[in-house]
Amino acid sequence: MPSIPSLKADCSQCAALCCVVFAFDKSEEFAIDKEAGETCTNLETAGSDCGKCKIHTTLKQDGFGGCASYDCHGAGQHLMQTVFKDKSWMNDPAQLPDIMDAFRGMLIVHELLLLLQTASRLPLTDSENDKYQDFIEQLCPEKGWTQRSLRKLETSDLRLEVGEYLISLRHHANELQNLMKHN
């Protein structure tokens, strides 16, 4: 079985992708408007703290609860450590469009892996387990992800197939619910 990458975010191994990739509108969760691809005004872009949030310890108090609660589930560091090794949009802004495109794909990978890992805790039948293993192999390719393969993922049927598979596991929840009613 292929090795599943860490699904725990490690911002120190990323390149502050969430601080530049996403757009957000001024609201209860975000104190400012920011366009996708625009660097957040709270991101340090120079010096020894380059790539760090200036208000990280006070995000919620400063109106950035959305930032405080966001979790990429390890997609950022996975992308930067395996696909864009030794490259960064901070050192080479021309890389940003490619990194943004690839990040969207890696987010899909990590979200699907997280859902599948959760589903794997169910008492899967042999057939369900075989499907699970097949999806894991597709989401953790032996040769790793590339910019091109991540772009292709966005338009593939894999998300739909995993979704259908997860829906097919509902009977486990129904069985558990029935068991709890009778106890």
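The values are calculated or read from the model by the stated rules, or taken from the named source; none is laboratory data. Just so it is clear, the structure is predicted and the values come from calculations on it, not from any experiment. Here Cβ is always computed from backbone atoms with ideal geometry, including for glycine, and neighbour counts include all displayed protein chains.
Observations on the model:
- Complete set of residues in the range 92-151 that are among the charged types (D, E, K, R) and more than 18 Å from the chain's Cα centre (by Cα): Asp92, Arg121, Asp126, Glu128, Asp130, Lys131, Asp134, Glu142, Lys143
- Subset of the range 39-68 [in contact with a helix residue (DSSP H, G or I) (Cβ under 6 Å, 6 or more places away or on another chain) and either among the hydrophobic types (A, V, I, L, M, F, W, C) or over 20 Å from Lys26 (Cβ atoms) (or both)]: Cys40, Leu43, Leu59
- Checking Glu142 against (1) among the charged types (D, E, K, R); (2) outside any loop (DSSP other than H, G, I, E, B); (3) under 30 Å from Gln81 (Cβ atoms), the condition it does not meet: (2)
- Members of the range 28-57 found to be of a type in the set (Val, Ile, Thr) and not in a loop (DSSP other than H, G, I, E, B), listed by number: Thr57
- Candidate set: the range 5-57, residues that are in contact (Cβ under 8 Å) with a residue 24 or more places away in the chain and at positive phi; chosen: the one farthest from the chain's Cα centre (by Cα): Gly51
Matching residues to (1) surrounded by fewer than 16 Cβ atoms within 10 Å (Cβ to Cβ); (2) at pLDDT 95 or above:
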position	(1), (2)
Leu107	no, yes
Leu122	no, no
Thr125	yes, yes
Phe135	no, yes
Leu139	no, yes
Glu142	yes, no
Leu150	no, yes
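- Glu154 passes every criterion in (1) at pLDDT 95 or above; (2) surrounded by fewer than 18 Cβ atoms within 10 Å (Cβ to Cβ); (3) assigned to a helix (DSSP H, G or I) apart from (1).
- Residue that is nearest to Leu150 (Cα to Cα), among those in the range 85-132 that are assigned to a helix (DSSP H, G or I) and among the basic types (Lys, Arg): Arg104
- Set Glu175, Glu164: member being modelled with pLDDT of 95 or more and not basic (Lys, Arg): Glu164
- Flag for Pro93 being in contact with a Cys (Cβ under 9 Å, 6 or more places away or on another chain), surrounded by fewer than 16 Cβ atoms within 10 Å (Cβ to Cβ) and modelled with pLDDT under 95: no
- Gly144 vs. criteria in contact (Cβ under 8 Å) with a residue 12 or more places away in the chain and of a type in the set (Gly, Ala, Ser): yes
- Considering only residues in the range 1-37 that are aliphatic (A, V, I, L, M) and within 21 Å of Gln61 (Cβ to Cβ), the one that is surrounded by the fewest Cβ atoms within 10 Å (Cβ to Cβ) turns out to be Ile32.
- Options Ser88, Ser127, Ser156, Ser120: the member that is of a type in the set (Gly, Ala, Ser), closer than 30 Å to Glu35 by Cβ and free of Cβ contacts under 8 Å to residues at least 40 places away in the same chain: Ser156
- Count of residues meeting criterion [buried (at least 16 other Cβ atoms within 10 Å of the Cβ) and among the acidic types (Asp, Glu)] in the range 45-61: 0
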